Amino acid sequence: SRVQVVACLAVAGPVQTNNTVYMTNIAGGCTIDGNEIEQCQDGLMALVVRCKLVNDFVGQGYGALDLDLDTEVVELIPGSKAKINELGPIVCVGAGTGLGECFLTKSSLRPELGYECYPSEGGHCDFVPRGPLEVELLNHLKSKFGGENRVSVERVVSGRGLANVYEFLAEKFPERVDKAIHEEFLQAGDQQGRVVGINAGKEGSLTAQAAQIMFSAYGAEVGNASLKFIPTGGMFVTGGLTAKNIGLIQGSDSPFMKAYLDKGRLGNVLQTVPLFAVMTEDIGLRGARVCAEREYGAMK
C-alpha cells in the first residue's frame with residue numbers, strides 16, 4: 001500500500017481560512033498554500049494527502065498540551081499543577097524574536113474533543129509604562145518608531161525589545177556605558193538583544209538594568225493576559241527568552257513575578273492561576289505534530 005503523509009506546518013504569519021499564509025517577514029513576501037502542497041505530485045511531495053497550516057504560535061499552544069509537567073516546566077506559583085482545572089482555558093505567552101500569545105479552550109459539553117487553539121495578536125497591544133523611567137522609555141520608543149500615541153508591548157518584551165531598552169538607557173546614562181559591551185552591541189546587527197542578555201549578569205550595569213526593565217514588562221503583560229482569560233487550565237510562559245533567563249522569572253522577588261502579581265485589587269486572583277515557565281524550546285515543533293495527529297484522526 002502507498003505511504004500517505006499528513007503534515008502540519010507552523011508558519012510565522014496569519015493563516016487564512018483557505019489554508020494559506022502570507023509570510024510578511026520574508027523579504028519580498030512569500031505565500032504558502034497548503035492546498036497546493038496537497039495537490040503537488042513532485043517527488044516525495046506526492047505522498048502528502050493533507051497539509052494543515054497553523055500560525056507558529058498556535059503551534060506552541062498545541063505544544064503546551066504535550067508538555068511533561070514534572071520535567072519540562074517550572075512552577076512559578078507553588079502548587080500550580082494541583083490547581084489545574086481540566087476544563088479551564090489555557091494561555092501561552094512567549095517572548096523570543098517577537099512576543100507571541102495564544103489561547104486554548106475546551107467544550108464543557110464535549111470535553112472528549114480536547115482543546116482547540118486560537119491565534120492572538122496580543123503582543124501588539126499597547127506597552128504601558130509602570131514608573132517614571134518607563135514613561136521616558138515609552139517616549140523614546142514613540143520617537144524611534146514614529147508612534148504618535150503608542151508603541152506595542154513587543155517593542156519592549158522580545159529580544160529586539162531588550163535591545164531597544166538598552167539603547168534607551170545608554171542614551172540617557174552615557175556615563176555608565178561599558179565601552180567594550182557597547183561596541184559589541186553596535187556591531188551585532190539583529191543579535192543586539194543577545195549581546196545585552198549575555199551581559200545582563202553584570203551587577204549595576206546598563207545591560208542588567210535593561211534586563212530588569214524588560215522582564216518586569218514581561219511579567220506585567222503575562223499578568224494582563226491572565227486577568228483577561230483567567231486561564232485555570234494553565235498559563236504557560238514560553239519562548240526562547242524564558243528558559244534562558246529563568247533567574248529573572250522564577251521566585252517571588254524576581255522582576256517578572258513582582259510585576260505579574262502587581263494587579264491591585266485583583267492580585268489575589270492571579271494566585272489562583274496555574275503558572276508555569278516552559279523550559280524546553282521545541283514545543284512549536286511538537287505542537288505541529290499534535291495538529292498533524294489530530295488531522296489524521298479526523299480523516300479516519
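Which of the residues spanning segment 104-114 are closer than 28 Å to VAL153 by Cα and surrounded by fewer than 24 Cβ atoms within 10 Å (Cβ to Cβ)? Let's see the steps before the verdict.
Within segment 104-114, the first condition is being closer than 28 Å to VAL153 by Cα, and the residues that meet it are 104-105.
Of everything in segment 104-114, just one residue is closer than 28 Å to VAL153 by Cα and surrounded by fewer than 24 Cβ atoms within 10 Å (Cβ to Cβ), namely THR105.
Hey, can you tell me all the residues within segment 237-274 that are crowded, with 20+ Cβ neighbours inside 10 Å and over 22 Å from VAL128 (Cα atoms)?
ASN245, VAL273, PRO274
Restricting the search to segment 237-264, which residues are in a helix (DSSP H, G or I) and not hydrophobic (A, V, I, L, M, F, W, C)?
Going through segment 237-264, the residues in a helix (DSSP H, G or I) turn out to be 240-244, 246-248, 255-261, 264.
Those that are in a helix (DSSP H, G or I) and not hydrophobic (A, V, I, L, M, F, W, C): GLY240, THR242, LYS244, GLY247, PRO255, LYS258, TYR260, GLY264.
Filter segment 164-197 down to residues that are over 12 Å from GLY98 (Cα atoms), open to solvent by less than 40 Å² (accessible area, probe 1.4 Å) and part of a helix (DSSP H, G or I), then give me how many there are.
Total meeting the criteria: 12.
Take the residues of segment 1-58 that are among the polar types (S, T, N, Q), free of Cβ contacts under 8 Å to residues at least 60 places away in the same chain and assigned to a strand (DSSP E or B): which is least open to solvent (accessible area, probe 1.4 Å)? Spell out how you get there, then give the answer.
Restricting attention to segment 1-58, the residues satisfying the condition of being among the polar types (S, T, N, Q) are 1, 4, 16-20, 24-25, 31, 35, 39, 41, 55.
Of the ones still in play, those that are also free of Cβ contacts under 8 Å to residues at least 60 places away in the same chain are 1, 4, 16-20, 24-25, 31, 35, 39, 41.
From what is left, the residues that are assigned to a strand (DSSP E or B) are 20, 31.
On the way: THR20: 19, THR31: 90 Å².
That would be THR20.
If we scan segment 127-137, do we find a residue that is open to solvent by 50 Å² or more (accessible area, probe 1.4 Å), assigned to a loop (DSSP other than H, G, I, E, B) and either touching a Gly at 6+ places or on another chain (Cβ under 9 Å) or in contact (Cβ under 8 Å) with a residue 60 or more places away in the chain (or both)?
Taking segment 127-137 first, the residues open to solvent by 50 Å² or more (accessible area, probe 1.4 Å) are 128, 130, 132, 135-136.
Add one more test, that the residue is assigned to a loop (DSSP other than H, G, I, E, B), and what stays is 128, 130.
Narrowing the set further to residues that are either touching a Gly at 6+ places or on another chain (Cβ under 9 Å) or in contact (Cβ under 8 Å) with a residue 60 or more places away in the chain (or both) leaves 128, 130.
So far as segment 127-137 goes, yes, one or more of its residues are open to solvent by 50 Å² or more (accessible area, probe 1.4 Å), assigned to a loop (DSSP other than H, G, I, E, B) and either touching a Gly at 6+ places or on another chain (Cβ under 9 Å) or in contact (Cβ under 8 Å) with a residue 60 or more places away in the chain (or both).
When you go through (1) in a strand (DSSP E or B); (2) within 30 Å of LEU169 (Cβ to Cβ); (3) open to solvent by less than 20 Å² (accessible area, probe 1.4 Å); (4) not acidic (Asp, Glu) one by one for CYS117, which number turns out not to apply?
So CYS117 meets the others, but not (2).
Which one is farthest from MET235 (Cα to Cα), of the residues in segment 141-159 that are part of a helix (DSSP H, G or I) and open to solvent by less than 30 Å² (accessible area, probe 1.4 Å)? Explain how you work it out, then say what you get.
Filtering segment 141-159 down to residues part of a helix (DSSP H, G or I) leaves 141-145, 153-155, 159.
Checking which are open to solvent by less than 30 Å² (accessible area, probe 1.4 Å) leaves us with 141, 153, 159.
Details: LEU141: 29, VAL153: 19, GLY159: 21 Å.
Here the residue is LEU141.
Taking the condition of being without any contact (Cβ under 8 Å) to a residue 40 or more places away in the chain and in a loop (DSSP other than H, G, I, E, B), how many residues in segment 76-97 meet it? Don't jump to the end; show me each part of the working.
Within segment 76-97, the subset without any contact (Cβ under 8 Å) to a residue 40 or more places away in the chain is 78-79, 82.
Remaining after also requiring in a loop (DSSP other than H, G, I, E, B): 78-79.
Going through segment 76-97 one residue at a time, the tally reaches 2.
Do any residues in segment 277-300 that are open to solvent by 40 Å² or more (accessible area, probe 1.4 Å) have Cβ atoms under 8 Å from those of residues that are of a type in the set (Asp, Glu) and outside any helix (DSSP H, G or I), where the two are at least six apart or on different chains, and which pairs are they?
Listed pairs, sorted by first residue: MET279/GLU72; ARG289/ASP66.
Just one of (1) closer than 17 Å to MET235 by Cβ; (2) surrounded by fewer than 21 Cβ atoms within 10 Å (Cβ to Cβ); (3) in contact with a Leu (Cβ under 9 Å, 6 or more places away or on another chain) trips up LEU67, so point out which.
Failed condition: (3).
The values are calculated or read from the model by the stated rules, or taken from the named source; none is laboratory data. Just so we're clear, the structure is a prediction, and the values are computed from it rather than from any experiment. Virtual Cβ from ideal backbone geometry, glycine too; neighbours counted across all protein chains shown. Just the protein is used for accessible areas: all its heavy atoms, side chains included, with ligands, DNA and RNA removed. Shrake-Rupley method; radii C 1.70, N 1.55, O 1.52, S 1.80 Å.
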